[in-house]
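What follows is a single structure, written as structure tokens, with notes after it.
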Amino acid sequence: MIATAPISKVTLWNGTTAWLVTRYADQVALLRDKRISADDTHPSYPAVSAAEDATRDHNRTFISMDDPDHAAARRKFMGEFSVRRVAGLRPRIEQIVAELLDLMEDAGPPADLVSAFAMAVPVRVICELLGVPYADRGFFQEANAVVVDTRSTPQAALDASCALTAYLGKLVEKKLNAPEDDLLSRLAVEHLATGRTTREECAREARLLLAAGQETTTAMIALGICALLQHPDQLALVRDGGPHQVATAVEELLRYLSVTHMGRRRVAVADIGLHGYVIKAGDPVIFAGDLANRDPEVFEDAGRLDVRRSMTRRHLTFGHGPHQCLGQHLARLELQVAYPALLQRFPRLRLDRPLSELSFRTEKFVYGVRDLPIAW
């Protein structure tokens, strides 16, 4: 449901207030507005938690910058995540998915879809893309889990963040001395070796890509299957449909689930009039993308899952404007491969626990299910 007022003041974890923008049209306009800043060094930037507030300086990357600095830093990765480059990854992603499904089938039911498949797919893909050893996944997943947990103490989050940055900094240096065919090697050779960036910046950017490449897609695979199992007719369309139908279904699931559930955080750098209200310079602003994705002015019967829905790609799950998600094409491809492959391999797939007994993760930046017991 969209709030009655077009914007409203909300109180944050530290007692400060921020403007909450809920409507789709307002978010589209303001996320492109230069009076809205993503710069998290601003003193009134609305951090998600004390843990994020404590790690902001240490974790700062291009996603927390404004243009022209944002555009210049982001440009280093644009080619790596272009539509054409990502499309070339399809055969390898299909192979990874098939291998994981083989392991699930060999082990037999029941299984936890999160650990056996939903998490394993994006982690293997992003590790290969970046050039991060998959064998180290236990370390970096555990550390990142602390960083993105809103319940973490500031010191615990900072320690985990420092450990991740140190690990990735050493890996970038290794790539500089012995480059391979991966993103971190190209970053080291083309940018670090030429003095265009620093080791610290490389490590931070690697940490961002490593985390972003697994958290959201893991949540989407598990929650998407969970949602489809509640709608057997729509599940059949995803299982048996052609590429266009599957792509449409993925966009609808991205809209319907909206796993980035804590809003996009910004600060106004000039006064902005909106619906009779004034967002003053220095005011924190939060864009509730999940509410925009359910805006009835844009999506008919917005609270209903409909994998046949047209124009679903207008959703704001990947954001909007200059800070729109860099890895969105990769996430889409992984979902387009994973959903039908899983459902075709196990046509009798079912939950092995009642939906009411599932435990959902709300404390992290990305919403998800903790585990998803399945059988077939």
Seminar exercise, completed: Here, R90 and D69, labelled 7 Å along Cα→Cβ, have an inter-label distance in nm of 4.0
For this session: Please report how far the C-alpha centroid of the stretch 194-256 lies from that of the stretch 138-159, rounded to the nearest whole angstrom.
Result: 22
Exercise. With every protein chain kept in the model, how would you rank T362, T11 by accessible area, 1.4 Å probe, largest at the top?
Worked result: T11, T362
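Expected output is a single nm value to one decimal: the length gained when fully extending between Q155 and R313, i.e. 0.36 nm times separation in residues minus the C-alpha distance. What is it? Walk me through the numbers on the way to the answer.
Numbers: separation 158, 0.36 × 158 = 56.88 nm, distance 3.97 nm.
This chain segment gains 52.9 nm when fully extended.
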Seminar exercise, completed: Per the 1/(1 + (r/R0)^6) rule, R0 = 45 Å and r from the Cβ atoms of R350 and A25, FRET efficiency to 0.05 is 0.65
Seminar exercise, completed: Of the listed pairs K9/K280; K9/K34; K34/K280, those with alpha carbons more than 20 Å apart are K9/K34
Seminar exercise, completed: Contour minus Cα-Cα span, E300 to H231, at 0.36 nm per residue, comes to 23.0 nm
For this session: Could you order K170, K364 so the one with the most accessible surface comes first? Probe is 1.4 Å.
Result: K170, K364
Exercise. At what distance in nm do the modelled label points of T16 and D106 sit from each other, each positioned 7 Å from its Cα along Cα→Cβ?
Worked result: 5.2
For this session: Can you spot the lysines whose alpha carbon is less than 26 Å from K170's alpha carbon? Ignore those fewer than 8 places along the same chain.
Result: K76
Problem set entry | Residue-averaged [θ]222 nm for the chain, counting only DSSP H segments that reach four residues, each worth -39500 (n - 2.57) | -15000 deg cm²/dmol
For this session: Express in nm, to one decimal, how much length is gained between A375 and Y134 on full extension, taking 0.36 nm for each residue of separation and deducting their alpha carbon distance.
Result: 84.1 nm
Seminar exercise, completed: Under Stokes-Einstein, the chain at 4 °C and 1.567 mPa s, with its Kirkwood radius over C-alpha pairs, diffuses with a coefficient in µm²/s of 60
For this session: Using only C-alpha atoms and all pairs of different ones, pull out the Kirkwood radius for the stretch 81-207 in Å with one decimal.
Result: 16.3
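The values are calculated or read from the model by the stated rules, or taken from the named source; none is laboratory data. Since the model is a prediction, treat every value here as computed from it, not as a measurement. Note that each Cβ is placed from the backbone with ideal geometry, even for glycine, and that neighbours are counted across all protein chains shown. Accessible surface areas use protein heavy atoms only, side chains included; no ligands, DNA or RNA. Shrake-Rupley method; radii C 1.70, N 1.55, O 1.52, S 1.80 Å.
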